[in-house]
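**Q** The structure under discussion is supplied below as structure tokens; questions concerning it will follow.
The values are calculated or read from the model by the stated rules, or taken from the named source; none is laboratory data. This one's a predicted model, so the numbers in the text were calculated from it and none came from an experiment. Cβ: placed from backbone, ideal geometry, glycine included. Neighbour counts: every protein chain shown.
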Amino acid sequence: MDNNNGNTLLALLTGFTIGVGIGILFAPDKGIETRKKIKNKTLEAKSDIQDRIHNAKEELIQTVDEKKETFEEKLENAISTMSLKADDIIDALEHKLETLKKKNTQP
């Protein structure tokens, strides 16, 4: 979840919580009933936020694991390619050395 979505989610949850609180305060209930409703709505909002945070954390972990795996594959491919190129360079240098040795031994 990117930062903009997180901010939007937080703003919506905050607005929802404030709206519920105001609605409960203006409802024609006794004080004890109003306090119970506020407490219940607060606990529900808290639970909802915890669930959303948990889901976002799981998504983040999954994304990081996928990116790590992709990076490791690309790194392994790059190392393999460099190793093959190094072998080719060594072979070319050895061939050049042999050619120079032969050239130097000739009168």
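**Q** Looking at the structure I just gave you, is residue 70 of a type in the set (Ser, Thr, Tyr), surrounded by 10 or more Cβ atoms within 10 Å (Cβ to Cβ) and either modelled with pLDDT under 80 or on the phi > 0 side of the Ramachandran plot (or both)?
**A** No.
**Q** Something else now. Residues that are more than 30 Å from residue 21 (Cβ to Cβ) and among the aliphatic types (A, V, I, L, M): does the range 62-74 have at least one?
**A** Initially, the range 62-74 is screened for residues more than 30 Å from residue 21 (Cβ to Cβ), giving 62-74.
With among the aliphatic types (A, V, I, L, M) added as a condition, the list becomes 64.
The answer is yes, given that some residue of the range 62-74 is more than 30 Å from residue 21 (Cβ to Cβ) and among the aliphatic types (A, V, I, L, M).
**Q** So which residues in the range 88-107 are among the hydroxyl-bearing types (Ser, Thr, Tyr) and either loosely packed, with under 10 Cβ neighbours inside 10 Å or touching a helix residue (DSSP H, G or I) at 6+ places or on another chain (Cβ under 6 Å) (or both)? Before the answer, list the steps.
**A** Keep residues of the range 88-107 that are among the hydroxyl-bearing types (Ser, Thr, Tyr), which gives 99, 105.
105 - this is the single residue of the range 88-107 that is among the hydroxyl-bearing types (Ser, Thr, Tyr) and either loosely packed, with under 10 Cβ neighbours inside 10 Å or touching a helix residue (DSSP H, G or I) at 6+ places or on another chain (Cβ under 6 Å) (or both).
**Q** Condition test on residue 15, is it in a helix (DSSP H, G or I) and in contact with a helix residue (DSSP H, G or I) (Cβ under 9 Å, 6 or more places away or on another chain)?
**A** On the way: in a helix (DSSP H, G or I): yes; in contact with a helix residue (DSSP H, G or I) (Cβ under 9 Å, 6 or more places away or on another chain): no.
It is false that residue 15 is in a helix (DSSP H, G or I) and in contact with a helix residue (DSSP H, G or I) (Cβ under 9 Å, 6 or more places away or on another chain).
**Q** Sticking with this structure for a sec: So for the range 77-87 (the condition being acidic (Asp, Glu) and either assigned to a helix (DSSP H, G or I) or loosely packed, with under 10 Cβ neighbours inside 10 Å (or both)), does at least one residue qualify?
**A** In the first step, residues of the range 77-87 are kept if they are acidic (Asp, Glu); the result is 87.
So of that shortlist, the ones also either assigned to a helix (DSSP H, G or I) or loosely packed, with under 10 Cβ neighbours inside 10 Å (or both) come out as 87.
Yes, the range 77-87 contains at least one residue that is acidic (Asp, Glu) and either assigned to a helix (DSSP H, G or I) or loosely packed, with under 10 Cβ neighbours inside 10 Å (or both).
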